[in-house]
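The values are calculated or read from the model by the stated rules, or taken from the named source; none is laboratory data. Model, not experiment: these values are computed from the prediction. Don't worry about glycine lacking a Cβ; one is built from the backbone with ideal geometry, like all the others, and counts go over all protein chains shown. The area values use the complete protein model at the heavy-atom level, side chains included, leaving out ligands, DNA and RNA. Shrake-Rupley method; radii C 1.70, N 1.55, O 1.52, S 1.80 Å.
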Amino acid sequence: MGILKEVTRTVIQNKMDRTTFIKRMRSRKNTVRYYNILAIESLCRKKNAFALRVANAGLEKFPNSDLWELKALALVALGKPVLALQALEERRKRRKNP
């Protein structure tokens, strides 16, 4: 997410307080990369329902992202291939009409 180096440096220099640390960690949730990584890791660990929740949460903030594909993968892993196809169709429609 691009903040680890800065956070590490300020912690080592003893210049970061708890409030700032929490604020910086929460700022991760404002990036599509956060949701991508969390969903992928969840799928790899067979936490398919959690991966679906993460993908859906990310899609609320980033509706034109590649999270549609991760949502489809989670749905297939949960035994819902028809819903997975619907998710991919929704992604296709969004690409045509941004």
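The sum of -39500 (n - 2.57) across all DSSP H runs of n ≥ 4, divided by the residue count of the chain, sets its helix-only mean residue ellipticity at 222 nm to -23000 deg cm²/dmol. Taking Cα centre as origin and charging only the Cβ of basic (Lys, Arg, +1) and acidic (Asp, Glu, -1) residues, the dipole magnitude of the chain rounds to 200 debye. State the Kirkwood hydrodynamic radius of segment 28-79 in Å, one decimal place, computed from all pairs of distinct Cα atoms. Radius from the Kirkwood sum: 10.3 Å. Putting +1 on Lys and Arg Cβ atoms and -1 on Asp and Glu Cβ atoms, find which of Met16, Val76, Ser27 reaches farthest to the positive end of the dipole of the chain. My answer, from the dipole projection, is Met16. Pairs with C-alpha atoms separated by more than 22 Å, drawn from the list Lys46/Lys80; Lys23/Lys46; Lys23/Lys71; Lys23/Lys61, are Lys23/Lys46; Lys23/Lys71.
Residues considered: Lys80, Lys29, Lys15. Largest GNM mean-square fluctuation over the chain, using C-alpha springs under 10 Å, is found at Lys15. Separation of the alpha carbons by more than 32 angstrom is noted, of Lys15/Lys47; Lys47/Lys93; Lys5/Lys47, for Lys15/Lys47.
Size of the chain: Rg and Dmax of its alpha carbons, in Å, are 16.6, 53.
Segment 11-28 to segment 76-98: how many Å between their Cα centroids? When both Cα centres are located, 38 Å separates them. For the chain, build the charge dipole from Cβ charges (+1 Lys, Arg; -1 Asp, Glu) around the Cα centre, then report which of Phe62, Val7, Leu85 sits farthest towards its positive end. Ranked along the dipole, the leading option is Val7.
Tell me, what is the per residue accessible area of the chain in Å², probe radius 1.4 Å?
72 Å²
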